[in-house]
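The values are calculated or read from the model by the stated rules, or taken from the named source; none is laboratory data. Just so you know, these numbers come straight off a predicted model, no measurement behind them. With ideal geometry, Cβ positions are generated from the backbone for all residues, glycine too; neighbour counts draw on all protein chains shown.
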Amino acid sequence: MARYFTNRLAKYAVFISATVSFIVLLAIVVFVFRDGLPAFQEVGFFDLLFGSTWRPQQDEYGILVMVVGSLQVTAGALLLAVPLGIACAILLAEVAPPRVRQLLRPAVELLVGIPSVVYGLVGMVLLVPAIREYFGGRGFSVLAASIVLTAMVLPTIISISEDSIRAVPASYKEGSLALGATRWQTIRQVLLPAARSGIGASIVLGMGRAIGETMAMIMVLGNSIQFAITPLDMTRTLTGNIAVEINYASGIHENALFATGIVLLIFILIINSIAVVALKRGVRAHTFT
Amino acid sequence: MNRKQLSKGLTLVTAAVLAVAVALTGCTGNGGTTTISMAGSTTVQPVAEALSDEYMTNVDTTVTITVAGGGSSVGVESAGEGTVDIGMASRAIKQEEFDEYPDLVVHHIASDGIAIVTDSDTSVDVTCLTILETRAIFSGNITNWADVGGANQTINVHAREEGSGTRAAFEDMVMGDEVITGEAALWPSNGALRTAVAGEPYSIGFLSFGYLDETVDAFALDAEEGGECVEATVENALSGDYPVVRPLNMLTDGEPTGKVDEFITWILGVDGQAIVAQDYIPVGPTS
């Protein structure tokens, strides 16, 4: 009797937890949309989304500069992190001896735990002056932001890609080697293509982290309201926009910041959906050997 | 008693001790303290912290005062909404803000100069700027130090975010109708701006007098286009010679009462003003 009761209790407890999580997510979406939609109505959908002037004091609320800024730093980060990350994943999965792996893998996972404000601090104090000296410009730049984001995104890409490469059935690798392929040929033409959904998912998840990064972006991008024409120019991201101004914004200004939040939510939604689809395909691809 | 019973017993005792400790943190020695919360301008923040330290230690030990930043607009909104006891603003209050918060009461506790600063490590070969030159530099019309008599280097402009009281006062008193250039790097506090200006050569920015230190050099300002260059010092601000001075205000929702009233009265008194006078311009006698 007691066992039956605990069974039911456990079932309901788990069900309630899941419902609470779902309600929290729903609440966030509802509140952001509730406070953001008035801005779209008042300012106009196209003027808000594609306007290139953000000057709340002059009633200008165009967020195009921030959208482009977010996309630029994310693209820069992926450009650097994807080759590095996949290479490191291959190293950890296939090439490194177990002792090296024992050292490297925890080190990589440690990078995830470092708070982003610390990344921002190191970026501001070390990276920005270095870029100013060796590359020119003001130092505060898309380049600095991309490098900082690369450090943040790399662990995600490495760990998920490595797991994907390891998850490729041993028979694929053994078959390839048995047919006379070299190790590199096996990695390049058998393992990587087989693991590509997992690697793709890791890239997409890294993209999600990069788009959502706030603190470090405020510290190294300069927060200017202009487009960055070259990687050495300053700009502002969607997240930086919200964080710098939300404290004191009121009225339409506050609504416009929530509208920025809506845009961010939609980006994340798209990115996560792609990741889910990619992961599902990966699981299905390897389940019938 | 076997090992399992012993460890169970110890766990129970530890839990009981912790629970009692947590419960006791609610008790204080003299029957309860009042908390006064303050938030707003990062310019007023250092002097507010100095004042509250002195007040809590030597004047009224039953009061706990917390000070937070956020910018002048945060100070106005928090005071108006009643989320803090005292809001801080480093500028005059705008009419729209009085319209939105009609019960807002302004206490002018000090004045502060705004210095135009550059990084102290590199030399731009300019020591004095006129108001018009400053306006042209910050609006982006002048982009090279050579155009104001200095080294041939691009001017790197830094400014504050839009909700800043320092920025609002600067725009009011220096920029006039011109807008600060979009190419300026924007920072969320006096401290962040000072760090950025001090770290970048050939930079320029505006900073509260209270934040001046050895990492930045302040320009002397000439308000009359061909008149005298006035150094950025507290004496010159007191005498009225330095042209860019703004009020530092503490705001309350309605007339203050009780401990808040006592605190503000003390700030406006001799002891409080003596502390204000260390880095800012007092509004009352200091002795």
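When residues in the range A:54-63 are screened for being in contact (Cβ under 8 Å) with a residue 24 or more places away in the chain and not aromatic (Phe, Trp, Tyr), 4 of them pass. Among the residues making up the range B:75-130, those that are hydroxyl-bearing (Ser, Thr, Tyr), under 21 Å from A:Gln57 (Cβ atoms) and at pLDDT 90 or above are B:Ser78, B:Tyr101.
Based on what the data block shows, is A:Ile203 aliphatic (A, V, I, L, M) and not in a loop (DSSP other than H, G, I, E, B)? Answer is yes for this residue. Considering the range B:193-243, the residues that are free of Cβ contacts under 8 Å to residues at least 60 places away in the same chain and within 14 Å of another protein chain (Cβ to nearest Cβ) include one that is surrounded by the fewest Cβ atoms within 10 Å (Cβ to Cβ), namely B:Thr195. Scanning the range B:153-190 for residues that are charged (D, E, K, R) and buried (at least 24 other Cβ atoms within 10 Å of the Cβ) gives B:Arg160, B:Arg167.
Among the residues of the range A:213-245, those that are over 20 Å from A:Gly120 (Cα atoms) and within 13 Å of chain B (Cβ to nearest Cβ) comprise A:Gln226, A:Phe227, A:Ile229. Pairing each residue of the range B:157-179 that is at the interface with chain A (Cβ under 9 Å from one of its Cβ atoms) with any residue that is assigned to a helix (DSSP H, G or I) and of a type in the set (Asp, Glu), provided the two are 6+ apart or on different chains, yields C-beta distances under 7 Å for B:Glu161/A:Glu245; B:Glu162/A:Glu245; B:Gly163/A:Glu245. In the set B:Glu224, B:Glu262, only one residue is out of contact with any Ser or Thr (no Cβ under 7 Å at 6 or more places or on another chain), at pLDDT below 90 and not hydroxyl-bearing (Ser, Thr, Tyr); that residue is B:Glu224. Answer yes if at least one residue in the range A:172-193 is buried (at least 22 other Cβ atoms within 10 Å of the Cβ) and either within 14 Å of chain B (Cβ to nearest Cβ) or not in a helix (DSSP H, G or I) (or both), and no otherwise. Checking the range A:172-193: not a single residue is buried (at least 22 other Cβ atoms within 10 Å of the Cβ) and either within 14 Å of chain B (Cβ to nearest Cβ) or not in a helix (DSSP H, G or I) (or both).
Results for (1) away from chain B (no Cβ under 14 Å); (2) under 30 Å from A:Pro106 (Cβ atoms); (3) free of Cβ contacts under 8 Å to residues at least 24 places away in the same chain; (4) of a type in the set (A, V, I, L, M, F, W, C), shown as yes or no for each residue.
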position: A:Gly123; (1), (2), (3), (4): no, yes, no, no
position: A:Val128; (1), (2), (3), (4): no, yes, no, yes
position: A:Glu133; (1), (2), (3), (4): no, no, yes, no
position: A:Leu149; (1), (2), (3), (4): yes, yes, no, yes
position: A:Leu154; (1), (2), (3), (4): yes, yes, no, yes
position: A:Ser161; (1), (2), (3), (4): yes, yes, no, no
position: A:Ala167; (1), (2), (3), (4): yes, yes, no, yes
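Yes or no: B:Asn190 more than 9 Å from chain A (Cβ to nearest Cβ), among the polar types (S, T, N, Q) and either within 16 Å of B:Gly140 (Cβ to Cβ) or in contact with a strand residue (DSSP E or B) (Cβ under 7 Å, 6 or more places away or on another chain) (or both)? Yes, satisfied.
Is it true that some residue in the range B:72-84 is closer than 21 Å to B:Leu193 by Cα, touching a helix residue (DSSP H, G or I) at 6+ places or on another chain (Cβ under 7 Å) and either within 12 Å of chain A (Cβ to nearest Cβ) or crowded, with 19+ Cβ neighbours inside 10 Å (or both)? Within the range B:72-84 (the criterion being closer than 21 Å to B:Leu193 by Cα, touching a helix residue (DSSP H, G or I) at 6+ places or on another chain (Cβ under 7 Å) and either within 12 Å of chain A (Cβ to nearest Cβ) or crowded, with 19+ Cβ neighbours inside 10 Å (or both)), the answer is yes, since at least one residue qualifies.
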